[in-house]
Amino acid sequence: MFEKLKSGLKNLVNKVTTTELKAENLRSILSEFKLSLVENDVAFPVAEKICNEIEKRLEGVQIRRLEDRRKIVEKNLREVLLEVMQTNNNINLLKAVEEKRKKGEPFVIVFVGINGTGKTTTIAKIARFLNRKGYSVVLACSDTYRAGSIEQLEEHAKRLGIRMIKHKYGADPAAVAYDTINHAKAHGINVVLIDTAGRIQTNRNLMNELAKIKRIVNPDLTVLTVDSLTGNDAVMQAEEFHKSVNIDATILTKVDADIKGGSAISVTYATKKPILFIGTGQTYEDLEQFNPEKFVNMILK
């Protein structure tokens, strides 16, 4: 996982550790590093921000002979990466679900994202995660256009042993979501997970439809799923969806196959919203809660 990003960071640390910390020396090393970041799916403005911050912190630093030069370089790099991944708010999903449960209300999550990102499978993984934490879940199939979407979500619901609410193909997606929330209220179900259509992110009709669902159901969270393997396209999707429907968090899928790793840094920076989970495989258990500190420590290992 993220081998190329790890390698680029290691090269930077090695080069900076063995050079005098003057602006002209740092600039040529950081220029090469910026290129390495961009090649590893870090969006250009993010790569530029990281390199500028590192230069600012390291330029002219006097390192006493006994101090560990490498540790100082790594410490500053770690701090810069964490700053870039800083978000306006942290979301404690289980705490939020529990607070709604205590009020006797279902916690509602709308999932958005383009087709092919693994959105429906991710919803099933979240359902399993919540089930295992003791919460009841119902699924809503508000993707009423894509052929096979209802059957796909229904199959997941069967395997997980949970209920799914559906209408016919072509039905109003907002009506499906609304009915599912009413079903949850009537049956004391803790969490409603709503699957939505995922046509190309620039499709105005799709964005209007998602905005309508949000207006009608007033969800507690709107979560975007992005495929980490799509690189800079993941950042463009995140920006477009955030601008149109105001997302609260993202989930990065297919991270187990991602040798680059830059999407995680870029998506957070672009939206200023946290990554809730990362998908790490095909089974329902292959879902990890995302922790920026753990991520940065791992890529700097």
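The numbers here are math on the coordinates, done by the rules we state, and not lab data. The model shown is predicted, which means the values in this text are computed figures rather than measured ones. Methodologically, a virtual Cβ is constructed for each residue, glycine included, from the backbone with ideal geometry; neighbour enumeration extends over all protein chains shown.
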Checklist entry - Against the longest principal axis of the chain, how steep is helix 69-84, in degrees 0 to 90 to the nearest 10, with axes from Cα atoms? => result 30 degrees
Checklist entry - Over the chain, what is the relative contact order in whole percent, taking alpha-carbon pairs under 8 Å and six or more residues apart? => result 25 percent
Checklist entry - Based on the Cα atoms of segment 87-146, what semi-axes does the equivalent ellipsoid have, where each is the square root of 5 times one gyration tensor eigenvalue, given in whole Å with the largest first? => result 22, 15, 12
Next on the checklist: I want to check the label-to-label distance for M298 and N11. Put each point 7 Å from Cα in the C-beta direction and report it in nm to one decimal.
Outcome noted: 2.3 nm
Checklist entry - So for segment 220-279, what percent of the C-alpha to C-alpha distances run longer than 14 Å? => result 44 percent
Checklist entry - How big is the convex hull of the Cα atoms of segment 181-301, per residue, in Å³? => result 124 Å³
Next on the checklist: Can you give me the Kirkwood hydrodynamic radius for segment 3-84, using every pair of distinct Cα atoms, in Å to one decimal?
Outcome noted: 12.7 Å
Checklist entry - Out of the DSSP beta bridges found with both residues in the chain, what percent are antiparallel (nearest 5)? => result 10 percent
Next on the checklist: What do you get for the angle between helix 3-17 and the principal long axis of the chain? Use alpha-carbon atoms, 0 to 90 degrees, nearest ten.
Outcome noted: 30 degrees
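If R0 is 25 Å, what FRET efficiency do you get for D256 and K158 from their C-beta distance, rounded to 0.05?
Computed FRET efficiency for D256 and K158: 0.50.
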Next on the checklist: Between helix 44-58 and the chain, what is the angle of the helix's C-alpha long axis to the longest principal axis, kept within 0 to 90° and rounded to the nearest 10?
Outcome noted: 40 degrees
Checklist entry - Rounded to the nearest 0.05, what FRET efficiency is calculated for Q86 and T18 with R0 set to 25 Å and r the Cβ-Cβ distance? => result 0.25
Checklist entry - With contacts defined as alpha carbon pairs under 8 Å and 6 or more residues apart, what's the relative contact order of segment 144-301 in percent? => result 15 percent
Checklist entry - How far is it, in nm, from the label point at E151 to the one at N25 when both lie 7 Å from their Cα along the line to the Cβ? => result 6.5 nm
Next on the checklist: Run the reach check for K133 against lysines, Cα to Cα strictly under 22 Å, same-chain hits fewer than 8 apart removed. What comes back?
Outcome noted: K95, K100, K102, K103, K119, K125, K158, K185
Item to check | Lys pairs under 19 Å by Cα in segment 3-84, provided they are eight or more residues apart or on distinct chains | outcome: 26
Item to check | Mean Cα-pair separation over length for segment 3-84, i.e. relative contact order, pairs under 8 Å, 6 or more apart, % | outcome: 35 percent
Item to check | Segment K243-K103, length gained on full extension (0.36 nm per residue, minus Cα span) | outcome: 47.3 nm
Checklist entry - So how far, in whole Å, is the C-alpha centre of segment 242-301 from the one of segment 131-151? => result 22 Å
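Compute the FRET efficiency between R70 and K168 as 1/(1 + (r/R0)^6), taking r as their Cβ-Cβ distance and R0 = 45 Å, and round to the nearest 0.05.
Between R70 and K168 the formula returns 0.10.
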